[in-house]
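Visitor: Sharing a structure below in structure tokens format, with a few things to ask.
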Amino acid sequence: MAEKPGYLLPEGDAYTDQLACALVFYPDKEEYRRALLGSLVYLSTWVAWERDSEKRGKDAARAWKNAVEETMECWIMTCFEDLIADVATIRMIMETRKDCCDDNVTYFPTEFPTTEIVPGVGDAPDLYGETEIADWDEWNQHVCFNAHAYVDYLIDSAGNLYDAVQLSSIWLGLIAAILGLLAFSGIGLPIAYGLAAAVVAGLALGATASTFLNTATDFETAREDIVCDIMLGMSLPDAVEAALSSGTDWDLFYQFVDYESAVAILYEGGYGAEFLPSETRDDCTCEAFQNYIFTFPTDLDGWVSGALNITWDAGEYITLVPDSTGPWRDCHTWVWTALATRFSFSLPIFYDQLRFRFYFHPGSGSMGTWEFYFIVYGKDDETRTSPMYNTGGYADSEWHEIIWNMASICESGTTNKHIKIRVRRTQPASAGQRLWLDDVGLYSK
């Protein structure tokens, strides 16, 4: 049988101590990985090479032995992971470098814009920026124009961030410029280097091709909500976060914007010697939200019945006897129409907070473990469910006040929708223990 010819040897000396590196892909099965390693080891034997009179096969094998040893050390020591980490570090350093012309980045402390203006409260300002105004209506028209401009800035920022991620071009100057645009409503004050660098680093490590894919569309869809939150003195960051269908864009970028400064400039019409545009719009139809409070007279001797002409399942107060341990009980339901009639308001109503007080009354026994929460039913069967409140987190025999923030505006139902309280006790108890609620109310921030 003819002898296998072996791999061709190079011209001249077959041995070299110089190494080169190549990235090799192999089918992702363990047997193929072992086959690849076996092939490399085979090259470090003289039988893999062609025969010649000078027996240079042994020199080729010696050169390949060095290469195989380096390869095995790299595989074992995960050198590729180290190289990738090093490249990421170098990239981050380059991206967060402050160049000579990054005028929108500062190392020095800066004063942040503030305002004492509360929309519709007290006398209207005399000026919006450098423009004289007569009343709140004129102020609203200026803020309407610039609030819409602010939503445009949000949309533009989303497009720029999306492009930057696609092109792997997330650099300090760009991120600082976007942060400055949103923090200072277009006036262009510089952003602190530390904040900008931290955001760049987070984006470089966490942003993917889809992170900002839908962000601009989300902002356009929520335009009216964001504009009205600005005009009514509600929470701009809450409105921005609620607008985003993905939490990743909020986590990596939008949570770091200085919205307080943005609102101050929008309300004042400028900052220092720089002013916002003096144009106006009169098409912002934001209705001021009212606060609705449902007060239940109570004292430590029991619950006064009949406040809403709706009965608790256990009488004048909530009490669960031992045989009801465990299951949830729908202890009280306030129907929207009943609330509107009892407290003389029109439906629908709009709110984003539920506030209430509660009291765990142990009586002469032990409270055991009580839990309760609220469910709010809104328009089109939308529901909001509060966090769980329980005896493990609150002291007995004293009132506790809670504000449940719903993150975005909720519209009430108009007929059979309602607010429900669900309660249960998960340990047996007796001797007069009770749960009292008081001053339950719906509010807007």
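Visitor: Rank these for me by crowding, L213, L127, L339, L182, going from fewest to most other beta carbons within 10 Å. Before the final figure, lay out each step's value.
Guide: Working: L213 16, L127 13, L339 20, L182 24.
So the ranking, lowest neighbour count to highest, is L127, L213, L339, L182.
Visitor: Sticking with this structure for a sec: May I ask you to compute the full-extension gain from E401 to V118, defined as 0.36 nm times their residue separation minus their alpha-carbon distance, rounded to one decimal in nm?
Guide: Working: separation 283, 0.36 × 283 = 101.88 nm, distance 2.50 nm.
Residue separation times 0.36 nm, minus the Cα-Cα distance, leaves 99.4 nm.
Visitor: Under 1.5 on a/c is rounded, so check that first for region 93-275, then, if it is not, pick prolate when a/b is larger than b/c and oblate when it is not; a ≥ b ≥ c are the square roots of the alpha carbon gyration tensor eigenvalues.
Guide: Details: a/c = 2.55, a/b = 1.51, b/c = 1.69.
The shape class here is oblate.
Visitor: Moving on. Using the Cβ atoms and a cut-off under 11 Å, what net charge is assigned to the surroundings of T45, where Lys and Arg are +1 and Asp and Glu are -1?
Guide: Values: positive: K58, R62, K65; negative: none.
Around T45, the surrounding residues sum to +3.
Visitor: Taking the Cβ of H400 as the center, what net charge do the other residues with Cβ under 13 Å away carry, scoring Lys and Arg +1 and Asp and Glu -1?
Guide: Working: positive: R355, R357; negative: D396, E398, E401, D438, D439.
Result for the neighbourhood of H400: -3.
Visitor: How long are the semi-axes of the equivalent ellipsoid of region 173-267, taking √(5λ) for every eigenvalue λ of the Cα gyration tensor, in whole Å from largest down? Kindly include the intermediate steps, with their values, before the conclusion.
Guide: Working: eigenvalues 89, 67, 19 Å².
Semi-axes, largest first: 21, 18, 10 Å.
Visitor: Could you list E382, E111, E371 in order of exposure, starting from the residue whose Cβ has the fewest other Cβ atoms within 10 Å? Don't jump to the answer; show the numbers that get you there.
Guide: On the way: E382 12, E111 9, E371 16.
With the fewest neighbours first, E382, E111, E371 line up as E111, E382, E371.
Visitor: Let me ask you something else. Ordered by packing density, taken as the mean number of other Cβ atoms within 10 Å over each peptide's residues, highest first, how do 162-174, 142-154 rank? Write down the numbers at each step before the final one.
Guide: Values: 162-174: 16.2, 142-154: 21.0.
Result, highest mean first: 142-154, 162-174.
Visitor: Give me the Kirkwood hydrodynamic radius of region 1-77, using the inverse of the mean 1/r over all pairs of distinct Cα atoms, in Å to one decimal. Don't jump to the answer; show the numbers that get you there.
Guide: Details: mean 1/r = 0.0730 Å⁻¹.
Its Kirkwood hydrodynamic radius stands at 13.7 Å.
Visitor: Considering only the other residues whose Cβ falls under 9 Å of the Cβ of A239, what net charge follows from Lys and Arg at +1 and Asp and Glu at -1? Please list the in-between numbers first.
Guide: Working: positive: none; negative: D225, D229, D238, E241.
It works out to a net charge of -4.
Visitor: Here is a follow-up. Treat the count of other C-beta atoms within 10 Å as a stand-in for reagent exposure and order C74, C284, C228 from fewest to most.
Guide: Details: C74 14, C284 18, C228 21.
With the fewest neighbours first, C74, C284, C228 line up as C74, C284, C228.
Visitor: For region 93-275, what relative contact order do you get, as a whole percent, if you take Cα pairs closer than 8 Å and at least 6 residues apart?
Guide: On the way: 241 pairs, mean separation 61.8, N = 183.
The value is 34 percent.
Here, each number is a calculation from the coordinates, and none is a lab measurement. Treat the numbers as computed from the prediction; the structure is a model and nothing was measured. In this analysis, Cβ positions are derived from the backbone assuming ideal geometry, glycine residues included, and neighbour counts consider all displayed protein chains.
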